[in-house]
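Encoded as structure tokens, the structure appears first; notes follow it.
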Amino acid sequence: YDRALTIGDRLRQHREAGPYLAAAGRAEVTIEWVDGETGIHCKSRLDWLCDPLVDCDLKTAATIAYRPFRSQAWRFGYFHQMAFHRMGLESIAGIEQALRILAIESAPPYDCAVFEPEDDAVYAAGEEIKSLLVKLKWCRANDRWPGQYAQEEILRAPHWAMSDGAEEATNNG
């Protein structure tokens, strides 16, 4: 509880994140819309929607160092989440809102950063979402729910696990 309060305080005090949180807005905004291409009812929850129309997503991380955080952002679907929010807000409000990730480290000294997701990455994530909505529509229509693999697959060890060390010796010496 104390750590959560400290994290909130640090974000509000941060010179870049603070103004977003101090702006007029609403927390935990639920939006619902129907996808125009598939007719699927969609629903999402935005952490903080502030005026002017900026969708702020709050994220904690072990580190906000650029390279590890950007990898985490893709692996954990932050770009996809923001793209989904954008799809919903465009459907409801008819405008493309700004996207921001307010990131804070989950341990002292609780370093903060504000990231603007790259448009190309948000677009790519949105295209993946659109293809998944089309797949969902097909699954519902056919009452078939295929997994990732249609058949048995060979599970191979990663290359590094099968290395005999000879290549490493050659490269180092």
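Data for the structure
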quantity	calculated
Kyte-Doolittle mean at least -0.5 and Cα axial length at least 15 Å: DSSP H helices in the chain	78-93, 119-142
Within region 90-157: Cβ-based charge dipole about Cα centre, in debye rounded to nearest 20 (Lys, Arg +1; Asp, Glu -1)	520 debye
Label corresponding to Kirkwood radius over Cα pairs in Å when calculated from the structure given, among (i) 20.0; (ii) 17.3; (iii) 19.0	(iii)
Helical contribution to [θ] at 222 nm, DSSP H n ≥ 4, -39,500 (n - 2.57), averaged over the chain, rounded to 500	-14000 deg cm²/dmol
GNM result for the chain, Cα springs below 10 Å: residue of 125, 73, 22 fluctuating most strongly	22
Taking the chain and dividing mean pair separation by its residue count, relative contact order in percent (alpha carbons under 8 Å, at least six apart)	19 percent
Cut-off 12 Å between beta-carbons: net charge of the residues surrounding residue 119, Lys and Arg +1, Asp and Glu -1	-3
Candidates 161, 103, 17: whichever shows maximal mean-square fluctuation once the chain is modelled as a Gaussian network with Cα springs under 10 Å	161
Lysines whose Cα lies under 16 Å from that of residue 43, excluding same-chain neighbours fewer than 8 positions away	130, 137
Cα gyration tensor, region 73-173 - rounded (a/c under 1.5), prolate or oblate	oblate
Exposure of residue 47 as accessible area (Å², to 10), given a probe of 1.4 Å and all protein chains	40 Å²
By accessible area with a 1.4 Å probe, ligands and nucleic acids excluded, highest first: order of 160, 145, 138, 48	160, 145, 138, 48
Average projected area [Cα convex hull, region 22-92], square nanometres	5.7 nm²
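The values are calculated or read from the model by the stated rules, or taken from the named source; none is laboratory data. All values derive from a computational prediction rather than experimental measurement. Every residue, glycine as well, gets a Cβ built from its backbone with ideal geometry; the counts of neighbours run over all protein chains shown. We work out accessible area using only protein heavy atoms, side chains counted, and drop any ligands, DNA or RNA first. Shrake-Rupley method; radii C 1.70, N 1.55, O 1.52, S 1.80 Å.
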